[in-house]
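Working notes for the structure below.
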Amino acid sequence: MVKRLLGALVWAGLAGLAAVALNVAPASAEVFGQSVDGQLGLQNAVTPVAHSIHDFYNLVTAIIIVITLFVLALLVYVMYRFSESRNPTPSRVTHNTLIEVLWTVLPIIILVIIAVPSFKLLNLQYAYPKADLTIKATGYQWYWSHQYPDQGGFSFDSYMLDDEDRNELIEKGIDAPRNLAVDNEVVVPVNKVVHVLVTAEDVLHNWTIPAFGSKTDAVPGRLTATWFKAEREGVFYGQCSELCGINHAFMPIAVRVVSEETFNKWVEARKADDEDAANEIIHEAALALKAKRKVASVAN
Ligand SMILES: [Cu+2]
């Protein structure tokens, strides 16, 4: 009996691993910072926190699949083996010490296996390593305002682009995805620790970038925070993730990760209050990145 149980457990485990391998296949090796058609699993990770979230997600998914298949196998076996025709006289046994110990101890072990990496991840998310750059994000109905307090305190609003403005960019060769592209992107340097202080002026909003593993409620009258250290250049999109009214779906967040040199140039333009120059620097960075990707994909 115990041998059979173990056998079922091993099969469930193998099936679980296969399912996880299929499920977490990246959406596309090329696409970062947004979801793609037919995507399975999560958006590609670009920060230490996002990598840890993916590892934890894979672990928990594997455990869920193993348990589900194991219970399914037991149910099917019981329905077959102990049906009325195959087992007309039911057993009157009510206790089995070994099984009772197993179904108490095994779930405890599984919970500990989940709890250890879970608390480690929680700790990482709230570790806040020393900041190289601090940004303040304020949610409004229905746009975001971003401020750079340690770069002279300049600030700007980020509104979603309508189709007309998007097409203008697309004609210049710059990607501007629908419902994600904004007029003024948040710009940060690559491989630097960025703290984002988050708040709201009217109702609850939520500052979210899935590829960074960042998701923080923006609460009026309070300051919450998230941090990230982006490992690659590119543009990473997110959307307000706290239902905030009629245009909740239309207040996206775009974070452009650039080289330190480009970042400094952009900061100078922003400090000089020259929005056009700042956005020109962003557009150049976008085109350069696209050219680099094209060369890389041809080389592959
Ligand atoms: Cu909102």
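A short reminder: the numbers here are calculations on the coordinates, not readings from a lab. The shown structure was predicted, so the numbers you read here are calculated from the model rather than taken from an experiment. So basically every Cβ, Gly included, is an ideal-geometry build from the backbone, and we count neighbours across all protein chains shown.
Brief remarks on what is shown
- Some residue of the range 52-70 being surrounded by 11 or more Cβ atoms within 10 Å (Cβ to Cβ) and touching a strand residue (DSSP E or B) at 6+ places or on another chain (Cβ under 6 Å): no
- Test: residue in the range 115-128 that is among the polar types (S, T, N, Q), assigned to a helix (DSSP H, G or I), out of contact with any Gly (no Cβ under 9 Å at 6 or more places or on another chain) and surrounded by fewer than 12 Cβ atoms within 10 Å (Cβ to Cβ): yes
- Search result, residues across the range 45-96 that are under 27 Å from the mean Cα position of the chain (by Cα) and among the acidic types (Asp, Glu): ASP55
- ALA131 vs. criteria away from the ligand (no atom under 16 Å from the Cβ) and in a loop (DSSP other than H, G, I, E, B): yes
- The set of residues in the range 134-193 being among the polar types (S, T, N, Q) and part of a helix (DSSP H, G or I) consists of GLN151, ASN167.
Each row is one residue, and each column tells you yes or no for (1) within 17 Å of ALA50 (Cβ to Cβ); (2) under 18 Å from the mean Cα position of the chain (by Cα); (3) loosely packed, with under 14 Cβ neighbours inside 10 Å.
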site	(1), (2), (3)
LYS192	yes, no, no
VAL203	no, no, no
LYS215	yes, yes, no
LEU223	no, no, yes
PHE236	yes, yes, no
GLU261	no, no, yes
ILE282	no, no, no
ALA285	no, no, no
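- Among the residues of the range 234-277, those identified as among the hydrophobic types (A, V, I, L, M, F, W, C) and within 16 Å of the ligand (Cβ to nearest atom) are CYS240, LEU243, CYS244, ILE246, ALA249, PHE250, MET251, ILE253, ALA254.
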